[in-house]
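Trainee: One structure, pasted below without further comment.
The values are calculated or read from the model by the stated rules, or taken from the named source; none is laboratory data. Please read all numbers here as calculations on a predicted model, not as lab measurements. Note that each Cβ is placed from the backbone with ideal geometry, even for glycine, and that neighbours are counted across all protein chains shown. Only protein heavy atoms, including side chains, enter the accessible area calculation; ligands, DNA and RNA are left aside. Shrake-Rupley method; radii C 1.70, N 1.55, O 1.52, S 1.80 Å.
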Amino acid sequence: MADLMAYLKRARGGRVVETGFLDPEEQALLEEKARGEGLKVAFFGGFPLAERRLAVLYPPEVPSVHDPVEVVFLEKEPPDLGEAMGDLEAFGEGYLVAVSAKGRRALEEAGYTLFPPPEGALRATSERVRTLVVPSLRVDTVGAKGFGVSRSYFVQGVRAGKVRLRGKVASPKEEMAPGDTLLAEGLGSLRLLEVLGETRRGNYKIKVKVER
């Protein structure tokens, strides 16, 4: 969990402050506290359906702030960079990853070659088919990542009986297989099209089709 109060403390007094990448719950909490203190907040994630986003806190007298997030293409899977790295998606024979300036420096220092995203890699929000990297094929993991919501939020819906798999009420720990479709009330449907393989770090590369 990020130290949100430390970011807010730095932003008091008219400073423009950039956070690290935050999970959805942290984004909601930071936005609530920032607005309560009269601060503006803008979120940037690099991808059209980004789950992890960083925030820029700034005073009301500042009209706007720039987007500090960069999406780069890597030929091999990156290490976990913590708050310096946002969402990770498989693309072709490599990976698209959202990074802050700190994340870019960390990758360069680790010997990675950073390329610009290939043409068409950053799809519009209307794009339905996505290639994702997930730690497991469980309903809660695939559903949260595919719909772009937090895992805790999605699990709440599953436990409330609002998510169905193979025509029955799903449980968070059930594993999906190619051809399975999740129907999530209020979010839409997600079909697992294909498991493309495992990454070096033991994650799964999957292709899903999401309809809202």
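Trainee: Pick from the range 14-46 the residues that are in contact (Cβ under 8 Å) with a residue 60 or more places away in the chain and in a helix (DSSP H, G or I): which of them is most open to solvent (accessible area, probe 1.4 Å)?
Mentor: Among those residues, the one meeting the criterion is E25.
Trainee: Out of the residues in the range 157-209 that are of a type in the set (V, I, T) and touching a residue at least 24 places away in the same chain (Cβ under 8 Å), which is nearest to L132 (Cα to Cα)?
Mentor: As a first pass, look at the range 157-209 and keep what is of a type in the set (V, I, T): 158, 163, 169, 181, 195, 199, 206, 208.
If we keep only those that are touching a residue at least 24 places away in the same chain (Cβ under 8 Å) too, we end up with 163, 195, 199, 206, 208.
Details: V163: 20, V195: 10, T199: 11, I206: 5, V208: 8 Å.
My answer is I206.
Trainee: Still on this structure, I have one more. How many of the residues in the range 170-192 are assigned to a strand (DSSP E or B), open to solvent by less than 70 Å² (accessible area, probe 1.4 Å) and among the aliphatic types (A, V, I, L, M)?
Mentor: Keep residues of the range 170-192 that are assigned to a strand (DSSP E or B), which gives 175, 181-184, 188-192.
Of the ones still in play, those that are also open to solvent by less than 70 Å² (accessible area, probe 1.4 Å) are 181-182, 184, 188-190, 192.
Then keep just the ones that are among the aliphatic types (A, V, I, L, M); that gives 182, 184, 190, 192.
Total meeting the criteria: 4.
Trainee: Considering only the range 157-166, state which residues are outside any helix (DSSP H, G or I) and among the basic types (K, R). Give the derivation first.
Mentor: So in the range 157-166, the residues outside any helix (DSSP H, G or I) come out as 160-166.
Hits for the range 157-166 are K162, R164, R166.
Trainee: Checking V97 against (1) surrounded by fewer than 21 Cβ atoms within 10 Å (Cβ to Cβ); (2) part of a strand (DSSP E or B); (3) β-branched (V, I, T): exactly one of these is not met. Which one?
Mentor: (1)
Trainee: Only residues that are touching a residue at least 40 places away in the same chain (Cβ under 8 Å), surrounded by 14 or more Cβ atoms within 10 Å (Cβ to Cβ) and either basic (K, R) or not in a helix (DSSP H, G or I) (or both): list them for the range 129-156, please.
Mentor: R130, T131, L132, V133, V134, S136, L137, K145, G148, V149, S150
Trainee: Out of the residues in the range 100-116 meeting the condition of being among the hydroxyl-bearing types (S, T, Y) and under 10 Å from L74 (Cα atoms), tell me which one is surrounded by the most Cβ atoms within 10 Å (Cβ to Cβ). If you could, list the steps in order and put the result at the bottom.
Mentor: Pass one, the range 100-116, residues among the hydroxyl-bearing types (S, T, Y): 100, 112-113.
Add one more test, that the residue is under 10 Å from L74 (Cα atoms), and what stays is 112-113.
On the way: Y112: 17, T113: 11.
Taking the candidates together, the pick is Y112.
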